[in-house]
1. Of all residues in the stretch 146-171, count the ones that are assigned to a helix (DSSP H, G or I) and surrounded by fewer than 19 Cβ atoms within 10 Å (Cβ to Cβ).
2. In this structure, does residue 27 turn out to be outside any helix (DSSP H, G or I) and at pLDDT below 90?
3. For the list (1) under 21 Å from the mean Cα position of the chain (by Cα); (2) under 18 Å from residue 230 (Cβ atoms); (3) free of Cβ contacts under 8 Å to residues at least 40 places away in the same chain, I need the number of the one condition that residue 129 fails.
4. Scan (1) within 17 Å of the chain's Cα centre (by Cα); (2) buried (at least 24 other Cβ atoms within 10 Å of the Cβ) for the single condition residue 141 breaks and write down its number.
5. Applying the selection to the stretch 198-229, what residues are more than 20 Å from residue 181 (Cα to Cα) and either touching a residue at least 12 places away in the same chain (Cβ under 8 Å) or not in a helix (DSSP H, G or I) (or both)?
6. Could you pull out the residue among 49, 80, 100 that is modelled with pLDDT of 90 or more and surrounded by fewer than 17 Cβ atoms within 10 Å (Cβ to Cβ)?
7. If residue 184 satisfies all but one of (1) surrounded by 13 or more Cβ atoms within 10 Å (Cβ to Cβ); (2) over 14 Å from residue 67 (Cβ atoms), what's the number of the condition it fails?
8. Return yes or no: is residue 174 assigned to a helix (DSSP H, G or I), within 22 Å of residue 95 (Cα to Cα) and either modelled with pLDDT of 90 or more or under 15 Å from the mean Cα position of the chain (by Cα) (or both)?
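The values are calculated or read from the model by the stated rules, or taken from the named source; none is laboratory data. Keep in mind it's a predicted model, so treat the numbers as computed, not measured. Cβ coordinates were reconstructed from backbone atoms using ideal geometry, including for glycine residues, and neighbour counts include every protein chain displayed.
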């Protein structure tokens, strides 16, 4: 066996992939390579889109969240505990919409979690449908000049929850190539426990937090200064995320499993 043959490698076996190869940290498929950076940026933009939508849902609709079901469940619990007649319609609509959105796309996404450093075409399809749904909502919001009537508000609240349910399900199906984009409590805890004290903290995690705040701030400013345009940022940010997620597909063709 020659000196450049890996110890224990079978005769004729390919040598181990170098650290800077396609799957290495700096390779095209690695987390620090072009494809990995594009997906990290896509996740940040998705988080920003969620923040923008949450601002519209909480400040512009009925003070409930479109994608943070923990808060909505707590609101329902507090309403029940107060023993008073409290209007929980918005919280129920958000919960129902979120569940319906996740369940609606589950058959499309089931069994298509990809281990590759890219989002499958089915994940991208779900996000495209979400973008179309948000665009319809933004149009309805603009036509109402940022002050929709009660029936329209209920439809928009349900639709916002539906969109966040779709997005959450898509990120679950994207596997290791994605991260939570509609709730960041677990992300924060993981980052504090494993990242801050680690040797190499993931700098993309703070960028997700910044993206969430920036997206929410943008829609909040528009709600005050130009209400008719407040629902547009979630659409634009989601389209930007889709553009970033398509970078790995432009660099190389998808395999048979991903094309399915």
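1. Result for the stretch 146-171: 5.
2. So residue 27 passes the test.
3. Failed condition: (2).
4. With respect to (1) within 17 Å of the chain's Cα centre (by Cα); (2) buried (at least 24 other Cβ atoms within 10 Å of the Cβ), residue 141 is out only on (1).
5. 198, 199, 200, 223, 226, 227, 228, 229, listed by residue number.
6. So the residue among 49, 80, 100 that is modelled with pLDDT of 90 or more and surrounded by fewer than 17 Cβ atoms within 10 Å (Cβ to Cβ) is 100.
7. (2)
8. Against the criterion (assigned to a helix (DSSP H, G or I), within 22 Å of residue 95 (Cα to Cα) and either modelled with pLDDT of 90 or more or under 15 Å from the mean Cα position of the chain (by Cα) (or both)), residue 174 does not qualify.
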